[in-house]
Amino acid sequence: MNTDSELQATVQALVQNGKGLLAADESGPTIAKRFKTIAVESTEENRRAWRSLLLSTPGLGEFISGVILYEETLGQCADDGTPLPEVAARQNIVPGIKVDAGKIPLAHAPGDEITQGLDGLAKRLDGYRKQGARFAKWRAVYNVSATLPSRVAIDANAEALARYAAICQEAGIVPIVEPEVLIDGDHSIERCAQVSDAVLHEVFDALHRHRVVFAHMLLKPSMVVPGKEHAAMPAPAEIADATVRLLRSAVPAEVPGIFFLSGGQTPEEATANLDAMNRIAGRPWLLSFSYGRALQEPPLAVWKGEAGNARDAQNALLKRARLNGAACRGQYDAAMER
């Protein structure tokens, strides 16, 4: 299979109506923070047990088409010795991998950040492919204030995202491009839309310059929402309208799928907002989800690190996946939460 047809096959496997992605790619410090909420120590064995529980949830493949894994998880096995990427693949869930090396302050740009990890990426991708990964993810973050992000941060992160995407496609790996406009702060929904517009236009300019094939990539943006310290959270219909308007102006129609991050929203908010977007007619791309906390929070609270709670935790994950699957079709109703 040549690289183009391989990329196309992966895209088709990921972009399915009523299905989304499970983000299970938390870095060491992030998963330690999540585990702390349930008083569980973040040991390698506990992380393996948790991620094995997620991937082996019966029926998960009905609503989840792909899973983003952390490097450690690619090499771990389920209790019966099956490699975890294979556990996912058996449910027709495509294994993917987070490849960036995290964010650091951007030099000469106070308050802005840049993502690192391009050095040696092609070689790492070769190894990840051998372990079963078929797509990758790179996250850029943009802090928002009256003056942030700076032009420098917008340009530098777009360039890094584009270089990453080009390296992935050359390696036969589908890139997920994640420009996350952060929810921290008290900015308005209008300010979020303004920043998101500048960010997305610059990202697609850079992708075009680096000859990234839009049909063989996926976008993982944030929704257009006010900062979490803002006075009021708008209704889902308003968030959906602002978000879809932005996407129409900035995202080429060739991009096959847009998989939103939940970015600090509650599981219920993330589902309701996605549903509202899918009720808006006339969109060229599939609108779906790539949620981490919004899928994992409920099952984590049930699991509590106890093997005996595994099945109930899996049921809690399956419920959230099913509700988000309904939201992908514009068929979610808050009554389904009960």
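Here are the numbers for the structure shown:
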| quantity | calculated |
| --- | --- |
| Portion, in percent, of the accessible area of the chain that falls on carbon or sulfur, probe 1.4 Å | 50 |
| D79, D312, ranked by accessible area, largest first (probe 1.4 Å) | D79, D312 |
| Dipole in debye (nearest 20) - the chain, about Cα centre, beta carbon charges: Lys, Arg +1; Asp, Glu -1 | 520 |
| Cα gyration tensor, segment 21-146 - rounded (a/c under 1.5), prolate or oblate | prolate |
| Cα principal axis extents for segment 74-191, largest first, Å | 52, 28, 20 |
| Solvent accessible area, Å² - L118, 1.4 Å probe, full protein context | 30 |
| Average silhouette area of the chain, convex hull of alpha-carbon atoms, in square nanometres | 16.1 |
| Taking segment 197-338 and dividing mean pair separation by its residue count, relative contact order in percent (alpha carbons under 8 Å, at least six apart) | 23 |
| Which listed pairs, of K103/K319; K19/K304; K123/K319, have C-alpha distances above 31 Å, in listed order | K103/K319; K123/K319 |
| Computed over segment 203-276: relative contact order in percent, which uses C-alpha pairs under 8 Å that are six or more apart | 46 |
| The chain: calculated mean residue ellipticity at 222 nm from DSSP helix runs of at least 4, using -39500 (n - 2.57) | -14000 deg cm²/dmol |
| Furthest towards positive pole of dipole, W285, G308, N273, structure part segment 265-338, Cβ charges | W285 |
| By average C-beta atoms within 10 angstrom, highest first, the peptides 203-210, 99-106, 135-142, 192-199 | 135-142, 192-199, 203-210, 99-106 |
| Where only C-alpha atoms are counted, convex hull volume of segment 179-233 per residue in Å³ | 68 |
| Range of Cα positions in segment 246-338 per principal axis (Å), largest first | 48, 24, 19 |
| With at most 16 other Cβ atoms within 10 Å, longest stretch of the chain clear of loop GluC sites (Glu not before Pro) (DSSP) | 42-228 |
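The values are calculated or read from the model by the stated rules, or taken from the named source; none is laboratory data. Nothing here was measured: the structure is a model prediction, and the numbers come from that model. Virtual Cβ from ideal backbone geometry, glycine too; neighbours counted across all protein chains shown. Ligands, DNA and RNA are stripped out before the accessible areas are found, and what is left, the full protein with its side chains, is counted by its heavy atoms. Shrake-Rupley method; radii C 1.70, N 1.55, O 1.52, S 1.80 Å.
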